[in-house]
Amino acid sequence: MKKLVLMLSLLTSTANLWAQTVDDLSFVTENYAPLNFEEESKVRGIAVDALVAIFELVGAPKTVADIELWPWARGYQAVLNKKNTVLFSMARTEAREKLFKWVGPCAPSEVVIVAKKSRKIKIESPRDIGQFKTGVVRDDIGEQLLLQLGVKETALHQTNSGLSTAKMLARDRVDMWAYEKDVASWNLREAGADPSTYEVVYSLKKSNYFYAFHKETDDQVIATLQKALDKLKADGTLEKIAARYTHTAAPAEKGTAH
């Protein structure tokens, strides 16, 4: 009997050693201000600051220096296919629901189509969208929503970043842009354009942004991080973090593309 108890104890200890922890995870984000972006070689933003606060709450040794900045499409493929990967900020949609595990929400979202006011573009229904060339970021929610509406890929122009698309829209290389409303405004300012000269011509979807985890992430890790985020909401910390960026101007345009 003693041998059995000892064996079970050893098995339990070994299992605990193999249990996944927050420190096993790789956190990836993109330039998607004001949620997450790079400024002066440092990653910051609402979702970044909230994540760092979560690290502190759960006692994880990770810091902002452990958050990597990648192009969205690369990060999206990584969180789909590579264990222990986390990508943020991601809109949680029906199409994505079973692809990942989720912690959030960390911020509200409205994905829209924007265009120059001077173009006087009118979109009455999804059928009208295909008449124009629309800029999208590869694998972004804007692209996915348009494809779900039946817009043909030939009517879309893919890029690797919001800043690249903002520049294309400003230079009339695309007619419209499907992207998150506040992030689009931020990128237009960063591209040297005046957001007040642009308008929303169609609203695609209102949702929320989450941290998306590879689908094999331990449920206990997910629960621990969700509990920490819930605490940040309850004590007002998340609201204070968001307020830091609400009235912040876009950072000066950098010399290299994002």
If I filter segment 94-114 down to residues being open to solvent by less than 20 Å² (accessible area, probe 1.4 Å) and within 18 Å of Val48 (Cβ to Cβ), which single residue comes out as modelled with the lowest pLDDT?
Ser109
Test Glu38 against the stated conditions and say whether it is part of a strand (DSSP E or B) and at pLDDT below 95.
yes
Would you mind stating whether Tyr76 is open to solvent by 10 Å² or more (accessible area, probe 1.4 Å) and hydroxyl-bearing (Ser, Thr, Tyr)?
yes
The condition from (1) of a type outside the set (A, V, I, L, M, F, W, C); (2) more than 17 Å from Asp218 (Cα to Cα); (3) at pLDDT 95 or above that Lys82 misses is numbered (2)
Taking the condition of being open to solvent by less than 50 Å² (accessible area, probe 1.4 Å) and in a helix (DSSP H, G or I), how many residues in segment 59-73 meet it?
3
Meets criteria (farther than 21 Å from Glu94 by Cβ, touching a residue at least 40 places away in the same chain (Cβ under 8 Å), more than 21 Å from the chain's Cα centre (by Cα) and crowded, with 22+ Cβ neighbours inside 10 Å) for Leu225:
no
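The values are calculated or read from the model by the stated rules, or taken from the named source; none is laboratory data. Model, not experiment: these values are computed from the prediction. FYI the Cβ positions are ideal-geometry reconstructions off the backbone, even for glycines, and counts take in every protein chain you see. In case anyone asks, the SASA skips ligands and DNA or RNA and just uses the protein heavy atoms, side chains included. Shrake-Rupley method; radii C 1.70, N 1.55, O 1.52, S 1.80 Å.
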